[in-house]
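All remarks here apply to the structure that follows.
The values are calculated or read from the model by the stated rules, or taken from the named source; none is laboratory data. Treat the numbers as computed from the prediction; the structure is a model and nothing was measured. Ideal geometry is used to build each Cβ from the backbone, glycine not excepted, and the neighbour counts take in all protein chains shown. Note: accessible area is taken over every heavy atom of the protein model, side chains too, but ligands, DNA and RNA are not part of it. Shrake-Rupley method; radii C 1.70, N 1.55, O 1.52, S 1.80 Å.
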Amino acid sequence: MNKVVANATEAIAGLQSGMTLMLGGFGLCGIPENCIAAILASGASQLTCISNNAGVDDFGLGLLLQSRQIKKMVSSYVGENAEFERQLLAGELEVELLPQGTLAERIRAGGAGIPAFYTPAGVGTEVAQGKEVREFDGQMYLLEAWLRADFAFVKAWRGDTLGNLMYRGTARNFNPMMATAGRITVAEVEELVPAGALDPNQVHTPGIYVQRIFQGSHYEKRIEQRTVRK
Amino acid sequence: MLDKNGIARRIAQELRSGYYVNLGIGIPTLVANFIPPGIEVVLQSENGLLGIGPFPAEAEVDPDLINAGKQTVTMLPGSSLFSSADSFAMIRGGHVDLTILGAMEVSENGDIANWKVPGKMVKGMGGAMDLVASARNIIVAMQHCSKDGQSKLLKTCTLPITGLRCVKKIVTDMAVLDVLPQGGFRLRERAPGVSVAQIQAATEGKLVIDGEVPEITP
């Protein structure tokens, strides 16, 4: 079993215009920097990107917005990005906004083979438009469908050659669920180790979910709100 | 009138030992600075951390460790880390005792609007809709009136709703109010130097006054 590829360019082989992608990260924390750079270089366009946020103007998914490669974003929060705002107001970009927990659970459901589930989030709001509402034990819930993707791009701290992954800090966020919901899941890691080098007790994402893995390089890990104690 | 820190300090008096608490962005984040001595709470960050510590010293800054406002943070001893799916399982599953968040409008039956102003840039609801749909106890921290002087405590919300009948208590720069189960804002306390008449004038929704209304004690 050989899941290891040399770099991000090899890892995105088969990526085509019009595909649906998942990209891990919360803000700029835990985003697949190397894969985003490779997608940018590939020129693939008309992409649907499922990601909690849309990066900032000159980093993260903001780079793919600048290059006009994204047709639609599926996110929970898209502030901090002037180009995003411009494209949205000009009608050049489609956006589906979802409650953050609903987004996370729709992705989890996609990976777990559960086509839909009921959640209380969004009942009585715009999010409920066109969705089934049903009562359980006197409370109302919305029916939400799973999300799956042609490619899921995740970022982990350490990974092994069998695709087992460990995340670090709050860089975990959406990465574990997205890893389960891609037809092809690509993991980029800061450190790639031989199978057997990770403690199985500490593995967050079992390798079964990962089709391709590589050790990334030149991680910038930009901080959005550098806040220090005075 | 209370300033932002004053609002945060008053809300901190609502904390009880053993609470797991989610703090929203803005004034709610400041509540962490005023946790009363002897009260032990655990702060939840919906991006996957229980046990948020203070902001880091310059040498401790870690890009892999941020809060939901994307600020760098630290972890306290006994912290735990988890995925966004686990985080919202905690929230929707009713395991978080108290949610404190900001609002643009609250109605007298406890509806909250805080995510969208039609015609302006829509940034998204983030985790707010999940939080308000499930939290057992929700306290709103906000200014009593908008910048152009309009009351934010209304009969009915005019902005798109975030959640229905969920707000239990509101702390503003002018007052502390409970949302009554049958509807209406019960005036509990007033900010130093603010009269009941001023609060009445600044409240569009039904204000319920029952007896003396004490000043907020800092």
Legend entry - Additional length obtainable on full extension of the chain from B:Val196 to B:Asp148, 0.36 nm per residue less Cα span: 15.2 nm
Legend entry - region B:4-208, relative contact order in percent, only Cα pairs under 8 angstrom and at least six apart counted: 18
Inset, instruction - Run the accessible area of region B:116-218 with a 1.4 Å probe and give the carbon-and-sulfur part as a rounded percent. - result: 52
Legend entry - GNM top mover of A:Ala38, A:Ala156, A:Ala11 - chain A, alpha-carbon springs below 10 Å: A:Ala38
Legend entry - Gaussian network model of chain A, springs between alpha carbon atoms under 10 Å - residue of A:Ala37, A:Ala181, A:Ala82 with greatest fluctuation: A:Ala82
Inset, instruction - Just the number, please: buried accessible area between A and B, total of both chains, 1.4 angstrom probe, nearest 100 square angstrom. - result: 3900
Inset, instruction - Any chance you could check the Cα centroid distance between region B:14-34 and region A:50-86 for me, in angstrom? - result: 31
Legend entry - Gaussian network model of chain A, Cα within-10 Å springs - most flexible of A:Glu96, A:Glu105, A:Glu144: A:Glu96
Legend entry - Cα centre as origin, Lys/Arg/Asp/Glu Cβ charges: chain B dipole, Debye: 580
Inset, instruction - List the residues of region B:130-146 whose accessible area drops by at least 20 Å² when all protein chains are present, compared with their chain alone, using a 1.4 Å probe and counting only protein heavy atoms. - result: B:Asp130, B:Ala133
Legend entry - Counted charge near A:Ala38, where neighbours are those whose Cβ lies closer than 11 Å (Asp, Glu -1; Lys, Arg +1): -3
Inset, instruction - Would you mind giving the average projected area, over all directions, of the Cα convex hull of the protein assembly as shown in nm² with one decimal? - result: 22.3
Inset, instruction - Could you name the aspartates and glutamates whose alpha carbon sits less than 15 Å from that of A:Lys230, not counting residues in the same chain fewer than 8 places away? - result: B:Glu58, B:Glu60
Inset, instruction - Round to a whole angstrom and tell me the spacing of the C-alpha centers of region A:170-187 and region B:107-135. - result: 28
Inset, instruction - Could you give me the percent of Cα pairs per 5 Å distance bin for region B:172-213, shortest bin first, beginning at zero and ending with the bin that holds the maximum distance? - result: 6, 25, 39, 22, 7, 1
Inset, instruction - Would you mind checking B:Lys70/B:Lys123; B:Lys116/B:Lys155; A:Lys131/B:Lys206; A:Lys221/B:Lys116; A:Lys71/B:Lys147 for any pair whose Cα atoms are more than 25 angstrom apart? - result: A:Lys131/B:Lys206; A:Lys221/B:Lys116; A:Lys71/B:Lys147
Inset, instruction - Roll a 1.4 Å probe over the protein chains and send me the accessible area per residue for the protein assembly as shown in Å². - result: 41
Inset, instruction - Evaluate E = 1/(1 + (r/R0)^6) for A:Glu191 and B:Arg16, where r is the Cβ-Cβ distance and R0 equals 41 Å; express this FRET efficiency to the nearest 0.05. - result: 0.45
Inset, instruction - Would you list the P(r) distribution for region A:161-230, with all Cα-Cα distances sorted into 5 Å bins from 0 and each bin expressed as a whole %? - result: 3, 14, 24, 24, 16, 8, 6, 3, 1, 0
Inset, instruction - Give the residue from B:Thr162, B:Gly69, B:Gly124 lying farthest towards the positive end of the charge dipole for region B:4-208; charges sit on Cβ (+1 for Lys and Arg, -1 for Asp and Glu) and the dipole is referred to the Cα centre. - result: B:Thr162
Inset, instruction - Straight distance only, please: which aspartates and glutamates reach the Cα of B:Lys4 with their own Cα at less than 13 Å, same-chain residues fewer than 8 apart left out? - result: B:Asp173
Inset, instruction - Please get the size of the charge dipole for region B:30-141, origin at its Cα centre, with Cβ charges of +1 on Lys and Arg and -1 on Asp and Glu, quoted in debye to the nearest 20. - result: 340
Legend entry - Cα long-axis angle, helix A:100-112 against chain A (0 to 90 degrees, to the nearest 10): 60
Legend entry - All aspartates and glutamates inside 14 Å of B:Lys120 as judged from Cα atoms, apart from same-chain residues fewer than 8 positions distant: A:Glu85
Inset, instruction - Mind jotting down a quarter of the surface of the convex hull over the alpha carbons of chain B, in square nanometres, one decimal? - result: 12.8
Inset, instruction - Would you kindly calculate the translational diffusion coefficient of chain A, applying Stokes-Einstein with the Kirkwood radius from alpha carbon pairs, for 4 °C and a viscosity of 1.567 mPa s, and quote it in µm² s⁻¹ without decimals? - result: 72
Inset, instruction - Mind ranking B:Trp115, A:Trp157 by accessible surface for me, highest first, 1.4 Å probe? - result: A:Trp157, B:Trp115
Inset, instruction - For a label point 7 Å from the Cα of A:Tyr219 along Cα→C-beta, name the residues of region B:65-108 whose backbone N is under 11 Å from it. - result: B:65
